[in-house]
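The values are calculated or read from the model by the stated rules, or taken from the named source; none is laboratory data. Just so you know, these numbers come straight off a predicted model, no measurement behind them. Methodologically, a virtual Cβ is constructed for each residue, glycine included, from the backbone with ideal geometry; neighbour enumeration extends over all protein chains shown.
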Amino acid sequence: MKLRYNIAYELDSPERTLYHREIILHKKFLKKLYEQWYDEFLKEIRNLPNDVFIEIGSGGGFLKELEPRVICTDVLDLPTNDKTFSALDMPFGNRSVGGIFGVNTFHHIGDAEKFLSEVSRVLAKNGKLILIEPANSYWGRFIYKNFHHEPFDENGNWTIRDAGPLSGSNQALPWIVFERDQEIFRERFPNLKIEKITYRNPLLYLLSGGVSYKQLLPDFMYPVINALDRVLPGISKQISMFELIRIISI
């Protein structure tokens, strides 16, 4: 498949998201990175309290191909969805969900407090919310502020401007809610506990070109870049572009 990056689909259109999916599936660095992220979800599934698993903002991803039990959802009406709804109003009963997963979705949610209220409502005891999101590290801030179209505003609050599902964004939102305002989070959501935040992946996404640019290195370089991608955050979390956020319902 010949990939194009100047395609004229509107950013918030279903067609644009579906084309992002084609890019993810056909670029080795990017697909392998998604497989790493999904593997983190799959490892957690084994210990969740029930087998109701939701992926929010499934969009261009392929988690269902790895775990068919996952209910793939998006606010956009996509043929890859199992259900279409807003994460601010989830059609699930109280304490009925074992796990909620999301890749680069939280920082597009317009009202973080309302979303977390829904998470608090639907997650069963010992259920988990697990997110992959942009990291507010030295390296991450430099890349996001200088080479990415989405805003990165560390001084923002828990809401973002009213816009489309992809055009509305603050990449610093996960850091704001779960790190800067951690005490506020604890006060507002006493039955949700931040279990662990792990900084990771300084290179793979960048060198993959993401969904907007060509991959910057040939496929055969993947093992080398992958090794560096795993080692560097261990030297310092400031050498990272993403974070893995684990939150448990208590």
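Remarks
- Residues (within 14 Å of the chain's Cα centre (by Cα), surrounded by fewer than 17 Cβ atoms within 10 Å (Cβ to Cβ) and hydrophobic (A, V, I, L, M, F, W, C)) located in segment 4-48: none
- Residues in segment 209-226 that are surrounded by fewer than 17 Cβ atoms within 10 Å (Cβ to Cβ) and among the small types (Gly, Ala, Ser): 212 alone.
- Filter pass, residue 229 being assigned to a loop (DSSP other than H, G, I, E, B) and of a type outside the set (Phe, Trp, Tyr): no
Conditions (1) under 24 Å from residue 201 (Cα atoms); (2) of a type in the set (Phe, Trp, Tyr); (3) surrounded by fewer than 16 Cβ atoms within 10 Å (Cβ to Cβ), marked per residue:
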{"residue": "73", "(1), (2), (3)": "no, no, no"}
{"residue": "77", "(1), (2), (3)": "no, no, yes"}
{"residue": "89", "(1), (2), (3)": "no, no, yes"}
{"residue": "92", "(1), (2), (3)": "no, yes, no"}
{"residue": "100", "(1), (2), (3)": "yes, no, no"}
{"residue": "104", "(1), (2), (3)": "yes, no, no"}
{"residue": "109", "(1), (2), (3)": "yes, no, no"}
{"residue": "112", "(1), (2), (3)": "no, no, no"}
{"residue": "119", "(1), (2), (3)": "no, no, no"}
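- Residues in segment 10-31 that are in contact with a Lys or Arg (Cβ under 9 Å, 6 or more places away or on another chain) and outside any helix (DSSP H, G or I): 10, 27.
- Scanning segment 204-250 for residues that are hydroxyl-bearing (Ser, Thr, Tyr) and modelled with pLDDT under 95 gives 212, 213.
- Filtering segment 178-225 to residues that are free of Cβ contacts under 8 Å to residues at least 60 places away in the same chain and in a helix (DSSP H, G or I) leaves 179, 180, 182, 183, 184, 186, 187, 220, 221, 223, 224.
- Residue match in segment 152-173 (condition: of a type outside the set (A, V, I, L, M, F, W, C), surrounded by fewer than 19 Cβ atoms within 10 Å (Cβ to Cβ), over 15 Å from the mean Cα position of the chain (by Cα) and assigned to a helix (DSSP H, G or I)): no
- Checklist (1) at pLDDT below 95; (2) among the acidic types (Asp, Glu); (3) buried (at least 23 other Cβ atoms within 10 Å of the Cβ) applied to residue 133, failing item: (1)
- Within segment 102-126, the set of residues being in contact with a helix residue (DSSP H, G or I) (Cβ under 9 Å, 6 or more places away or on another chain) and under 16 Å from residue 71 (Cα atoms) comprises 103 only.
- Pairs, first in a loop (DSSP other than H, G, I, E, B) in segment 233-246, second aromatic (Phe, Trp, Tyr), C-beta under 7 Å, six or more apart: 237/199; 238/138; 238/139; 239/139; 240/139; 240/199; 241/139; 241/205
- Residues of segment 212-249 satisfying the condition of being of a type in the set (A, V, I, L, M) and closer than 20 Å to residue 41 by Cβ: 241, 244, 245, 247, 248
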